[in-house]
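Derivation of every value follows stated rules applied to the coordinates shown; laboratory data play no part. All values reported here derive from a predicted model rather than from experimental measurement. Quick reminder, even Gly has a Cβ in these numbers, built from the backbone with ideal geometry, and neighbours come from all protein chains shown.
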Amino acid sequence: MVNYKNIKIPKHKCKKCGIPLNRIYKTGLCRECYDVEPKNYKPIIKNYCSCGSEINKRSKMCPDCYIKKQKSDITLRKVKNRPSLNQLLEDVKNNGYLATGRKYCVSDNTIRKWIKKMSK
């Protein structure tokens, strides 16, 4: 004789096909119906620079355009009025790199780079 009290009858059914579910899923669908249903993926939005190259979603412009802007935009410089090459060489000759850097509120390496760029 079969004891029906010990048999568990699933209370939940699949919303789509009506198959009894032993386990409750968030969607309310069985595995077969869930796999067939299309997923709602977010579309990938690509950002482009003004020149047309693809950029990161957090970037405003590509590295090439940024370098071009930085070279052309003098207002981005810390020292707006840089001294001439002759003035720099004279200051370095008299005072040295460190003192010249302190005079213009930059490091000694910056003075070296200024001289290197102006010499080209």
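From the cross-link list Lys69/Lys93; Lys46/Lys71; Lys69/Lys116; Lys78/Lys116; Lys68/Lys113, which pairs have alpha carbons spaced over 29 Å apart?
As for pairs spanning more than 29 Å Cα to Cα, those are Lys69/Lys93.
What is the order of Lys68, Lys26, fewest Cβ neighbours within 10 Å to most?
Lys26, Lys68
Report the local net charge at Gly96: Lys and Arg +1, Asp and Glu -1, summed over other residues whose C-beta lies under 13 Å from its C-beta.
Computed value for this residue: +1.
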